[in-house]
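A.B. asks: Encoded as structure tokens, here's the structure I'll be asking about.
What follows is calculated from the coordinates using simple rules that are stated; it is not laboratory data. Bear in mind the structure is a predicted one, so any value in this text is a computation, not a measurement. Cβ placement follows ideal geometry from the backbone for every residue including glycine, while neighbour counts extend to all protein chains displayed.
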Amino acid sequence: MTTQPTGYLCLVLHCHLPYVRHPEHEHFLEENWLFEAITDTYIPLLRVMNGLVRDGADFRLTATLSPPLISMLRDPLLISRYERHLNRLIELASKEVHRTASQPEFHRLATMYLERFLQTRHAFAQECGRDLVSVFGHLQDLGKLEIITCGATHGFLPLLNVTPSAVRAQLRTAVAHYEEVFSRPPHGIWLPECGYYPGLDEVLRDEGLQFFFTESHGLLYADPRPRYGVHAPVFCPTGVAAFARDLDSSKQVWSAEEGYPGDPAYRDYYRDIGWDLDYDYIKPYIHVDGKRINTGIKYFRITGKTDQKQVYDRAWALERAADHAGNFMFNRERQVEWLAPVMDRPPIVVAPYDAELFGHWWFEGPEWLDFLFRKLHFDQQTVKPITPAEYLERHDVNQVCTPCGSSWGYKGYHEVWLNGGNDWIYRHLHTAARRMEELTRAFPQAEGLTRRALTQAGRELLLAQSSDWAFIMKTGTMVEYAVKRTKEHLARFTSLYEQLRSGHVDAGFLKDLEEKENLFPTLDYRHFS
Amino acid sequence: MTAELPDHYGRTELVLMVVDPLLLFAYWEATPESLGQAQDALGAEMEGARAVLRFYDISLIHFDGTNAHHTFDIDIGLEARGWYVHLWTAEKSYCADLGFVARTGRFQAITRSNIVHTPRAGVSARDEERWMRVRFMRRRKPDPARPLESVPAPPFWGRQSPEELRALLERRLREQARLAAEFAKGTSPGSMSQGSR
């Protein structure tokens, strides 16, 4: 029996990407989102976790694997395209090793990239057997990682709730998908964008989910006032537990002013050879239509607020990552020592981050995490990493409060997903959701072609509901693609709806859609009732 | 080529959505038939009538159409089909009618909306505590109908008196809430970028 620590640290990584798979195009730019995340984030994170297990450094991490991400990571077409992408990257890195032969500081980095990509290829094919999801699953079986689910397609639930069946379908589909993949139910959920509204916990309870996360003010503004603020979970009146984000630990990583990722020693994300090098040289490795894009090879460090960037020094950057991990741990130790004396249990510090921050945006993020978990294990006893499930097993008595409606988006409510740039989507999304519910009533026991059409209609509706589209419309990059996806899924849904209502399903049209959009092959259309 | 969505669904409806504690978004569609009916009902009074959204504050009541705490009208352009409505207090329940107000003051509704609840914008004033024991179920789904066990609140923990501790914890919570509100306006995952530049 280990002694009780002074406090707990619950690190949560939210791994999600929208479902982007275009078999109809040989090359599709937005599929790179997945490829870059695999190379930059998912494989490095798995390597960190496997290394900790190998070295006996006990750790606990909670991670969402959203259903679209799981589906893409297991899709044979995307897997083979990822390998093609990686092979081209290796080819480019090899050329870079030659090109930089007379520039030692760049040559060192080019060699680092080449080795890194070769290692990635080996890790993907050999160590992971081209199946990253099962490696995540194995870490969960070891008790180190808690994999939680998310909305089926990351629909922003507070704005889908105009049609309550849409919220139920997002959750039922996600839970059923998780059970298929991991052969057990999920314990908890990352609500898409941390979007909570009072009453949502009733749907969570009905789907067997036992905890979720909210933004800080989800608990700070909860009713009645929670005695321990964000440093203990509360039970909603339904018995579902709500954990809330801790501000101090968030700020240290997220904050544009104070955050670690902005350190001058760290690699600069924005200076990429896809933009810097001679066009004819780089052309084979950028977009097929000739548009310059990021390749993933970057030679400069952040340096400061200047255009005169200095060359990246890997050893120095790793030193900084170790310093920052030590600083983060020191701050958590002092934080829990300050909180604990007035609490009847160890305080919990919940620190959630978008997984893609680690490795993709913040190149040294995975190493930071590695240093942090090693230090937590070997260097101190004050703070112990924990998962929400373990916390709730140890502390099954909690205060009952209703969290406040909230999200983790700008200003903390719904503005990011509902504003002048994207409000037009909701009348269509709500109408489609209402019509889907109507179809489940009209066809309670469908079989054959009708069933397939109903299933595909549900699939198109779910895909249209991804919060990613509204988010992209708000942020202003790739807007055209987000608009196109929203309109396409809704238009396909409407065609299927009209065909089902008129009693004439076009088998050829349906087959074409089924081949294009293969998410959730075992989707049950009755989830939408 | 991108598929285009229909302009109209042939259905009369008014839908309210919450943007934040002090802002709602309303969208609507009114079929020519439903517009015609409302215009007919107003008859000669339709001359000079304004299209409005009539809001009802129905916080904590069962609304029967007449017992709203408060109502207010927002003038709209019917053809806009969407409108942002600024509010002045948080944590309320609203529904609204889309309709016409005649110069005489007579109101004719076209359709009534769904009900929305705006979230709280600050720390709750209520501090009475309820506590519960809920057994965590590993690798199994709990029965949604399982009874939940209320338990006494744990004593306040620490060297000071319970009153002092309660006050101390409340002060800390309010300070956290102030910082959280500041933080939400600055950095959030929604505005992720690589640090200071």
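A.B. asks: With each pseudo-label sitting 7 Å past Cα toward Cβ, what's the A:Glu257-B:Asn67 distance in nm, one decimal?
C.D. replies: 5.0 nm
A.B. asks: Which part of the range A:507-529 falls in the paramagnetic zone of A:Arg451, meaning amide N under 15 Å from the point 7 Å along Cα-to-beta-carbon?
C.D. replies: Residues A:521-527 qualify, since their backbone N sits under 15 Å from the label point.
A.B. asks: What is the distance in Å between the Cα centroid of the range A:87-127 and that of the range A:428-484?
C.D. replies: Taking the Cα centre of the range A:428-484 as reference, the centre of the range A:87-127 is 42 Å away.
A.B. asks: If you place +1 on the Cβ of every Lys and Arg, -1 on the Cβ of every Asp and Glu, and leave all else neutral, what size is the dipole of the range B:13-117 about its Cα centre, to the nearest 20 Debye?
C.D. replies: 160 debye
A.B. asks: By the scheme Lys and Arg +1, Asp and Glu -1, what is the net charge of all other residues having a beta-carbon under 12 Å from that of A:Ile79?
C.D. replies: Net local charge, A:Ile79 excluded: +1.
A.B. asks: Run the numbers on the range B:131-186 and let me know its relative contact order in percent, using alpha-carbon pairs under 8 Å that are six or more apart.
C.D. replies: It comes to 27 percent, rounded to a whole number.
A.B. asks: Suppose R0 equals 41 Å. What FRET efficiency, 1/(1 + (r/R0)^6) with r the Cβ-Cβ distance, do B:Leu22 and A:Thr522 give to the nearest 0.05?
C.D. replies: That pair, B:Leu22 with A:Thr522, gives E of 0.40.
A.B. asks: Once every DSSP H run of n ≥ 4 in chain A is given -39500 (n - 2.57) and the sum is divided by its residues, what mean residue ellipticity at 222 nm do you get, rounded to the nearest 500 deg cm²/dmol?
C.D. replies: Rounded to the nearest 500, it is -15000 deg cm²/dmol.
A.B. asks: Next up: For peptide A:392-399, compute the average count of partner chain beta-carbon atoms within 10 Å of each residue's beta-carbon.
C.D. replies: 5
A.B. asks: To continue, here is another question. Would you mind checking the radius of gyration and Dmax of the range B:1-126 based on alpha-carbon positions, in Å?
C.D. replies: Cα radius of gyration and Dmax of the range B:1-126 are 16.1, 55 Å respectively.
A.B. asks: OK, next. If you add up the charges near B:Leu53, with Lys and Arg at +1 and Asp and Glu at -1, over every other residue whose beta carbon is less than 15 angstrom from its beta carbon, what do you get?
C.D. replies: -3
A.B. asks: Right, something else. Where the centroid of each part is defined by its Cα atoms, how far is the range B:9-57 from the range A:219-285 in Å?
C.D. replies: So the separation of the two Cα centres works out to 42 Å.
A.B. asks: 222 nm [θ] for chain B, helices only, -39500 (n - 2.57) per DSSP H run of 4+, per residue, to 500?
C.D. replies: Helices in chain B give a 222 nm mean residue ellipticity of -6000 deg cm²/dmol.
A.B. asks: With the cut-off at 1.5 for a/c, could you classify the protein assembly as shown from its C-alpha gyration tensor as rounded, prolate or oblate?
C.D. replies: oblate
A.B. asks: What distance in nm separates the two pseudo spin-label positions at A:Thr111 and A:Phe509, each 7 Å out from Cα along the beta-carbon direction?
C.D. replies: 6.1 nm
A.B. asks: FRET efficiency for B:Arg178 and B:Arg126, Cβ-Cβ distance as r, R0 = 25 Å, nearest 0.05?
C.D. replies: E(calc), rounded to 0.05, equals 0.85.
A.B. asks: Let me ask something else about it. Quick check: net charge around B:Ala102, other residues with Cβ under 10 Å of its Cβ, Lys/Arg +1 and Asp/Glu -1?
C.D. replies: Spelling it out: positives minus negatives among the neighbours equals +1.
A.B. asks: Using alpha carbon centroids, what distance separates the range A:137-184 and the range A:344-360, in Å?
C.D. replies: Rounded to whole Å, the Cα centres lie 19 Å apart.
A.B. asks: Give the order of A:Leu159, B:Leu22 when sorted by the count of other beta carbons within 10 angstrom, beginning with the fewest.
C.D. replies: Taking fewest neighbouring Cβ atoms as first place, the list is B:Leu22, A:Leu159.
A.B. asks: From the Cα gyration tensor of the range A:185-248, with a ≥ b ≥ c the square roots of its eigenvalues, which class applies: rounded if a/c is under 1.5, or else prolate if a/b is larger than b/c, or else oblate?
C.D. replies: prolate
A.B. asks: Under the rule of at least 5 residues apart or a separate chain, name every residue whose amide H is placed under 5 Å from the amide H of B:Val19.
C.D. replies: Those lying under 5 Å, H to H, from B:Val19 are B:Leu24, B:Phe25.
A.B. asks: Between A:Arg54 and A:Arg130, with labels modelled 7 Å along Cα→Cβ, what's the label distance in nm to one decimal, could you check?
C.D. replies: Each label point lies 7 Å from its Cα, and together they span 2.4 nm.
A.B. asks: Could you work out the relative contact order of the range A:324-408? I mean the mean sequence separation of Cα pairs under 8 Å and 6+ apart, divided by the number of residues, in percent.
C.D. replies: Relative contact order here is 34 percent.
A.B. asks: Arranged by the count of other C-beta atoms within 10 angstrom, fewest first, what order do A:Thr153, A:Thr306, A:Thr64, B:Thr111 take?
C.D. replies: Final ranking by Cβ density, sparse to dense: A:Thr306, B:Thr111, A:Thr64, A:Thr153.
A.B. asks: Please average, across the residues of A:229-241, the number of beta carbons from any other chain that are within 10 Å of each residue's own beta carbon, and give a whole number.
C.D. replies: Whole-number average of other-chain Cβ neighbours for A:229-241 is 4.
A.B. asks: Right, next: Once a ≥ b ≥ c are taken as the square roots of the eigenvalues of the Cα gyration tensor of the range A:1-109, is the result rounded (a/c under 1.5), prolate (a/b larger than b/c) or oblate (a/b not larger than b/c)?
C.D. replies: oblate
A.B. asks: Defining a contact as two alpha carbons under 8 Å apart and six or more residues distant in sequence, what relative contact order in percent does the range A:243-303 show?
C.D. replies: 36 percent
A.B. asks: Using amide H atoms built 1.01 Å from N in the peptide plane, name the residues 5+ places from A:Gly405, or on other chains, whose amide H lies under 5 Å from its own.
C.D. replies: Close amide H contacts, sequence-distant or interchain: B:Arg120.
A.B. asks: Using 25 Å as the Cα-Cα cut-off, could you pick out the over-long pairs in A:Lys291/A:Lys484; A:Lys487/A:Lys516; A:Lys283/A:Lys487; A:Lys251/B:Lys92?
C.D. replies: Violating the 25 Å limit, Cα to Cα: A:Lys283/A:Lys487; A:Lys251/B:Lys92.
A.B. asks: Quick check on the exposure proxy: order A:Tyr426, A:Tyr481 from fewest to most C-beta atoms within 10 angstrom.
C.D. replies: A:Tyr481, A:Tyr426
A.B. asks: Can you give the charge dipole size of the protein assembly as shown about its Cα centre, rounded to the nearest 20 debye, using +1 on the beta carbon of Lys and Arg and -1 on the beta carbon of Asp and Glu?
C.D. replies: 1000 debye
A.B. asks: Continuing with this model, one more query. For an R0 of 30 angstrom, estimate the FRET efficiency from the Cβ-Cβ distance between B:Ile74 and A:Glu202 and round to the nearest 0.05.
C.D. replies: Efficiency, from the Cβ-Cβ distance: 0.40.
A.B. asks: If each residue of separation counts as 0.36 nm, what is the full-extension length gain between A:Phe443 and A:Gln380 once their alpha-carbon separation is subtracted?
C.D. replies: Additional length available on full extension: 16.6 nm.
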